Amino acid sequence: AGIPEAKRQGGPAAGPGGPRPAGEDGGVVGLLRRLGRLEDSRQRGAELFRWLVSPVSPGEFLGRHWERAPLLVRRGDPGYYAGLFSTADFDAVLRGGQVDFGTHLDVTSYAEGVRETHNPSGRALPAVVWDFYQNGCSLRLLSPQTFSPTVWHFLSILQEHFGSMAGANTYLTPPGTQGFAPHYDDIEAFVLQLEGKKHWRVYSPRTGAEVLPQFSSANLTQAELGEPMLETVLEAGDLLYFPRGFIHQGDCLPDAHSLHITVSSYQRNSWGDLLEKLLPAALQMALEEDVEYRQGLPMDYLGYMGVANSDTADARRTAFMEKVQSLIKKLIRYAPIDAAVDQRAKSFLHDCLPPVLTQSEKAQSVYGFPARWQDGGPRDVDILITKDTEVRLLRHGIVRLCNEEAGVMLYYTTENSRVYHKEEPKFLEIDPEYTDSIEFLLSSYPNHVSVDSLPCETLEDKISLATLLFEKGILTTKKPLLQV
């Protein structure tokens, strides 16, 4: 009721660059390949997001739906998400032998108002998993990007567009069943219907406190819900978006299974989350620099302040309130806003998936460098960067400079794991004299610049910095350093 519904009929989308040439791969794999031809990673992210919400424009989506209202897109195109993930991929992941119950896979059911998890311990063997499914249980594969190169590639592009971690779960539900109780989440959710179909009901936040909540809800009962604001059946190729705080539940119709992937972002990424970092830092700085914050409270303030005195008319109360307001207002002078943003960016880079390289990017990076063992010894080991070597960042969003107490740190994502937080944050301690060069590389992106143009004091410093960043996968060269 009242929910905008976008429709597109016809074949697969042409994607970035207009109509697709004859014979080129379609589906998501073809889309990702075409995005790889765009030089600027920010443009890749923008185009993938445009494809995700198409035919709704990104501007309309952000103005009318983002954090505001659900969006239903019916495409009439079962192959729109082809190649992203499938039940065959699900089966192959199970057969790969790396899936454990609880860690990677949840077995769930929801019947007669009761939500249950049925996870055994240990490895999720295909015979056990498919027996659960055959007996009416839903299967949730957590973080499919760990197992699927295509999902990894998809999310690694989207995360830079969102400026916030992009995650995913896949859900396989048998016909005529429901796997989860109604609930709301703490993420912006994009439901991509990959196979089959699923009946969805979405409900508005019940109270103001549940609008854009910081945390997900417990399981809710049907009696707590009221009437849905949106009820629909998603079919393959369709999209359903809903903001955090919108209660939702999905169940399968008797005649079809359902496979969908939920892409999520914006968990704990609000103004309040920034202020949680910023205000304690501002107060600490104010205490160090401003004696007014260190002056003592009035000796008699306990006698006229507090709940017991809240209705008392007293000039001392008025003066006390005004003093507190004055100190809070003045606190903004000491707020290290940029430093707090950098700390959030540092956390985001730790959350990030590592970038997926195109073939040309690989050839022009340390990952394609031809060092090898040949004829009884190592060959082509030395990375010979000169003043004329042309370089650029691999991606705009893979590094962040942070000025910290221990020194200037450059955080980066190229050595992250596909498993969330498996690795500690990756960083290099940078000589403060190199910060201008890092900023120069960021502002020059996506253009290549010669090593000689880096604003370091000496040519030796320029080559040293470029070599270090190349070895970490942060820099690529315009041409492969060695032709084999």
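If the condition is being under 18 Å from Pro149 (Cα atoms) and either outside any helix (DSSP H, G or I) or more than 13 Å from the chain's Cα centre (by Cα) (or both), then the range 346-377 contributes Cys352, Leu353, Pro354, Pro355, Val356, Leu357, Thr358, Gln359, Ser360, Glu361, Lys362, Tyr367.
Specify which of the listed residues (Leu155, Leu142, Leu172) is open to solvent by less than 10 Å² (accessible area, probe 1.4 Å) and touching an Asp or Glu at 6+ places or on another chain (Cβ under 9 Å). First the steps, then the outcome.
Numbers: Leu155 fails: touching an Asp or Glu at 6+ places or on another chain (Cβ under 9 Å); Leu142 fails: open to solvent by less than 10 Å² (accessible area, probe 1.4 Å).
Going through Leu155, Leu142, Leu172 in turn, just one is open to solvent by less than 10 Å² (accessible area, probe 1.4 Å) and touching an Asp or Glu at 6+ places or on another chain (Cβ under 9 Å): Leu172.
Look at Ala256 and say whether it is farther than 23 Å from Glu188 by Cβ, touching a Pro at 6+ places or on another chain (Cβ under 8 Å) and of a type in the set (A, V, I, L, M, F, W, C). Yes; evaluated as a whole, the condition is true for this residue.
Restricting the first member to the range 365-380 and to residues that are outside the structural domain of Arg392 (by the TED database), and the second to residues that are in a strand (DSSP E or B) and surrounded by 14 or more Cβ atoms within 10 Å (Cβ to Cβ), no beta-carbon pair is closer than 9 Å while six or more apart or on different chains. State all residues of the range 178-197 that are open to solvent by 10 Å² or more (accessible area, probe 1.4 Å) and within 22 Å of Pro78 (Cβ to Cβ); if no residue qualifies, say none. Listed by number, the residues that qualify are Leu194, Glu195, Gly196, Lys197. The condition (being in a strand (DSSP E or B) and either under 14 Å from Pro70 (Cα atoms) or among the hydroxyl-bearing types (Ser, Thr, Tyr) (or both)) is satisfied by just one residue among Leu240, Leu194, Leu212: Leu240.
Residue by residue, here is whether (1) of a type in the set (A, V, I, L, M, F, W, C); (2) in a loop (DSSP other than H, G, I, E, B); (3) closer than 19 Å to Thr150 by Cα; (4) open to solvent by 50 Å² or more (accessible area, probe 1.4 Å) holds:
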{"site": "Arg44", "(1), (2), (3), (4)": "no, no, yes, no"}
{"site": "Phe49", "(1), (2), (3), (4)": "yes, no, yes, no"}
{"site": "Val56", "(1), (2), (3), (4)": "yes, yes, no, no"}
{"site": "Trp66", "(1), (2), (3), (4)": "yes, yes, no, no"}
{"site": "Tyr80", "(1), (2), (3), (4)": "no, yes, yes, no"}
{"site": "Phe85", "(1), (2), (3), (4)": "yes, yes, yes, no"}
{"site": "Ala92", "(1), (2), (3), (4)": "yes, no, yes, yes"}
{"site": "Gln98", "(1), (2), (3), (4)": "no, yes, yes, yes"}
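Listed by position, the strands (runs of 3 or more DSSP E) enclosed by the range 380-484 that each have at least 2 residues that are open to solvent by 40 Å² or more (accessible area, probe 1.4 Å) are 399-404, 426-430. Within the range 226-263, being over 24 Å from Ala88 (Cβ atoms) and under 26 Å from the mean Cα position of the chain (by Cα) holds for Tyr241, Phe242, Pro243, Arg244, Gly245, Phe246, Ile247, His248, Gln249. Scanning the range 293-315 for residues that are surrounded by 12 or more Cβ atoms within 10 Å (Cβ to Cβ) and within 44 Å of the chain's Cα centre (by Cα) yields a total of 1. Does at least one position in the range 221-229 carry a residue that is exposed (fewer than 12 other Cβ atoms within 10 Å of the Cβ) and of a type in the set (A, V, I, L, M)? Scanning the range 221-229, I find at least one residue that is exposed (fewer than 12 other Cβ atoms within 10 Å of the Cβ) and of a type in the set (A, V, I, L, M), so the answer is yes.
Against the list (1) part of a helix (DSSP H, G or I); (2) crowded, with 16+ Cβ neighbours inside 10 Å; (3) of a type outside the set (Asp, Glu), the condition Leu327 fails is (2).
Only one of Gly237, Gly250, Gly245 is crowded, with 18+ Cβ neighbours inside 10 Å and closer than 14 Å to Ile187 by Cβ; which? Just a single option satisfies the conditions, and that option is Gly245.
The values are calculated or read from the model by the stated rules, or taken from the named source; none is laboratory data. A quick note: this is a predicted structure, and the numbers were derived from the prediction, not measured. Here the Cβ is made from the backbone with ideal geometry for all residues, glycine too, and neighbour counts use every protein chain on show. Each accessible area value is taken on the protein alone, full model and side chains, heavy atoms only, with ligands, DNA and RNA left out. Shrake-Rupley method; radii C 1.70, N 1.55, O 1.52, S 1.80 Å.
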